[in-house]
Structure formats: structure tokens, C-alpha cells
Amino acid sequence: MTYYFCFCYHICRMFYSPLQALIFDSVYDSYRGVIVYTRIKEGTVRPGQDIKMMATGAIYKVVEVGTMSPAGLQPRDALGAGEVGYITASIKT
């Protein structure tokens, strides 16, 4: 039983912790601003949520999140821990 509780603790911690994400690439779109390609390490990101860039301290409001596919960018309701996708947040500079 100890293993079961430990496993559940780590799963809950991954999804309910504050957001931590690794940005591995980005592209600039003149209409959307910067599209950030990211892997979510802990937490969940949804449209309307505020995110903070640790390098600059700037805070942005998330406009859209989704995943990448051969057909293009596919919007989703949220990205959770362990998922790879994109975030747009009207980052212009």
C-alpha cells in the first residue's frame, strides 16, 4: 500500500503544483505574437492564466494552448504535466 500512496502523491503533485515549463523553441507570428513551443514539467496551463517568464520577470496572459500535429497547430483546453505543445500569450517583445 505504501507504493500506491507514494505513486498517487507524485501524480497529484505533477498536476496541481505551480506551473513549471521548459521552452525549447519559439517562432514569431505577426498576428499572434510569439508562439512558444514548450514541455510542461509540473502543473497545468490554460487560456486566461497568467504566466511569468523567469529570465525577464515579465508576466503575460495566455491566449491559446494546444499541441502540434502534421496538419498544424491543434488548440486544446489545457496542457498538463508531461505534455508537449505550444502557448501563445501576445508576447510582442
Practice problem: Taking all protein chains together and a probe of 1.4 Å, list TYR31, TYR86, TYR37 from the most accessible to the least accessible. | Solution: TYR31, TYR37, TYR86
Quiz item: Which of THR38, ALA81, MET54 sits farthest toward the positive end of the charge dipole of the stretch 33-93, with +1 on the Cβ of Lys and Arg and -1 on the Cβ of Asp and Glu?
Solution: MET54
Practice problem: Report, by chain and number, residues whose modeled amide H sits under 5 Å from the one on GLU83, excluding near sequence neighbours (fewer than 5 apart, same chain). | Solution: ILE40
Self-check item: Karplus-derived HN-Hα couplings along the stretch 55-63 (A = 6.51, B = -1.76, C = 1.60, θ = phi - 60°), whole Hz, x at Gly and Pro
Solution: 5, 10, x, 6, 10, 10, 9, 5, 9
Quiz item: Roughly what % of Cα-Cα distances in the stretch 12-93 sit above 21 Å, to the whole percent?
Solution: 20 percent
Practice problem: Could you pull out every residue, at least 5 positions away or on a different chain, whose amide H is within less than 5 Å of the one on THR44? Hs are placed 1.01 Å off N in the peptide plane, and Pro or chain starts have none. | Solution: LEU19
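The values are calculated or read from the model by the stated rules, or taken from the named source; none is laboratory data. Being a predicted model, the structure only gives us computed values, none of them experimental. So basically every Cβ, Gly included, is an ideal-geometry build from the backbone, and we count neighbours across all protein chains shown. When the accessible area is computed, the model is the full protein with side chains, heavy atoms only, and any ligands, DNA or RNA have been set aside. Shrake-Rupley method; radii C 1.70, N 1.55, O 1.52, S 1.80 Å.
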